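Down below is the structure, laid out as C-alpha cells.
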Amino acid sequence: MAATNQADLPYRMRRLRKTPALRDLVRETHLSVKDLIYPIFTEENLDERVEISSMPGVYRETEKSLATRVKEAADLGIPAVILFGVSHHKDENGSDSFKATGLFARMIKIAKEAAPDISVIADVCFCEYTDHGHCGPIAEDGDVDNDATLINIGKQAVNAAKAGADIIAPSGMMDGTVAAIRAALDEAGFTEIPIMAYAAKFASTYYGPFRDAAGCALGKYDHVAKDRKTYQMDPANAREALREVELDIAEGADMVMVKPGLAYLDILAKTKDSFSLPTFSYHVSGEYAMLKAAAEKGWLEYEAVMMETLLSFKRAGADGILTYTALDAARILRNG
Ligand SMILES: [Zn+2]
C-alpha cells in the first residue's frame, strides 16, 4: 500500500482524544454512584464482624454492624443495598426465612431503620436458610422440588415486604417464581413492591467465594444433588437466556438481572437490546476475588481496573451493578 499523504486522510480519530476536556465532551458512557448496589452479608449470633478470607474488604457483618454498613452506603449516595443472611437456624425448607422474627426479616428491618431512604433489596431464595444448601426443598429424587419452592417463596416474599423491603429479588431460578411472588405480594396488599428478577442466572463457578461467605455450599448429604445445574443455566446458552428473561417479564418482573457479570456481558448486552426493562448485572464474588488477588500480588492496579470493569457493565447496557466494590467505587466517584 502506498504511503498515505497526510492531507489524504479522510478522518483523524485522534482529534477528539487530544485533551482531557475533549475526551470528557465525547465520552459515551458514564459511571455514577447511582449505578451501584451494595451486597451485604449478615450473620446472626456473631459478636464481631469477620472478614471473608476469599473476599478481602468484605465481611460477615453482625446485626449491629449491618446498620453501620447500610448507613455508610447511604451516606456515600449509594441508592440500594441487597441483603444476604448467614443463618444459624437452617432446616430442610429454610423456614426461618418465613418468620417475622427470623434473621431474614430482622436484616431488612435493621437496614430500613438505619437508612430509611435507601432502597433495601431482599434477596429472596432459600439456599442461605436450608440445611442442604439448595434453593428450595428437596424432592424424592434428590433434586429441588420446583412447585413446593413456589409455595414457600410466596411466604418469604410477603415476609420481606412486611419487614419493609423496597424491592424483592428472587435468585433461585425455579420456573414460575416471579408469577408466584407477584401473586403472593398482590394478595397480601403489596401491589406497589417491584420485583427484580435474577432472570438469567448461570450455574457458575464464579460464585465460589459467596458460597463460603453465606455458608451455603452443597455436598452435605449424599442423597441430594451436588450442584445447581437443573435450575441455574448452562453457561453455553445465550438464546435460552433471552427466553428466561422473556418469561420473567411475562410473569411480571419489573427489572431483570444477568449473573455473573464480566464473563456474561454478551448476555447483558443482548438482554438490554431485546427488552425495555431496567437491566442489572451482578459483578459476583469470584470476580471480586480475582481482582483483589491480582491487586494483592501487585499484578493489577485495584482502583483503576475496578473502575474500568464497572464502566464496562454500563457500556454493555447495565442500568445498575451489584458489586462488592460499591463502597470503594462510590468514594472514588465522589472524590473524582
Ligand atoms: Zn439460592
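Amide H contacts for Ala80 (H built 1.01 Å from N in the peptide plane; partners 5 or more residues away or on another chain; cut-off under 5 Å): Tyr38, Ser119.
In plain terms, the chain is cut at each of the trypsin sites (Lys or Arg not before Pro) found in a DSSP loop with at most 13 other Cβ atoms within 10 Å, and the longest leftover piece is 28-219. When Rg and the Kirkwood Rh are both derived from Cα coordinates, the Rg/Rh ratio for the stretch 178-336 amounts to 1.00. Positive-end ranking of Ile82, Ala330, Pro170 along the dipole of the stretch 30-335, with charges on Cβ about the Cα centre, is headed by Ala330. Annotation note: GluC sites (Glu not before Pro) in the stretch 240-336 located in DSSP loop regions with a Cβ neighbour count of at most 15 within 10 Å are Glu301.
Once both labels are positioned 7 Å from their Cα atoms along Cα-to-Cβ, the gap between Tyr11 and Glu308 label points is 2.5 nm. Working note: Karplus 6.51/-1.76/1.60 with θ = phi - 60° gives the stretch 293-300 the couplings 5, 5, 5, 4, 6, x, 8, 9 Hz, where Gly and Pro are set to x. The string of couplings for the stretch 48-56 from the Karplus curve (6.51, -1.76, 1.60, θ = phi - 60°) is 9, 5, 10, 6, 7, 4, 8, 9, x Hz, one whole number per residue in order, with x for Gly and Pro. Diagonalising the gyration tensor over the Cα atoms of the chain and scaling each eigenvalue by 5 before taking the square root yields semi-axes of 36, 23, 20 Å, largest first.
Computing FRET efficiency as 1/(1 + (r/R0)^6) for Lys64 and Leu22, where r is the C-beta to C-beta distance and R0 is 51 Å, gives about 0.55.
Between helix 146-163 and the chain there is an angle of about 80 degrees, using the helix long axis and the longest principal axis of the Cα atoms. Residues Val26, Val124, Val58 in ascending order of nearby Cβ atoms (within 10 Å, fewest first): Val26, Val58, Val124. Here the stretch 29-48 and the stretch 215-288 have alpha carbon centers that stand 20 Å from each other.
FYI, it's all coordinate maths here, none of it is from the lab. Because the structure is a prediction, the values reported are computed rather than measured. We place every Cβ from the backbone using ideal geometry, glycine too, and count neighbours over all the protein chains shown.
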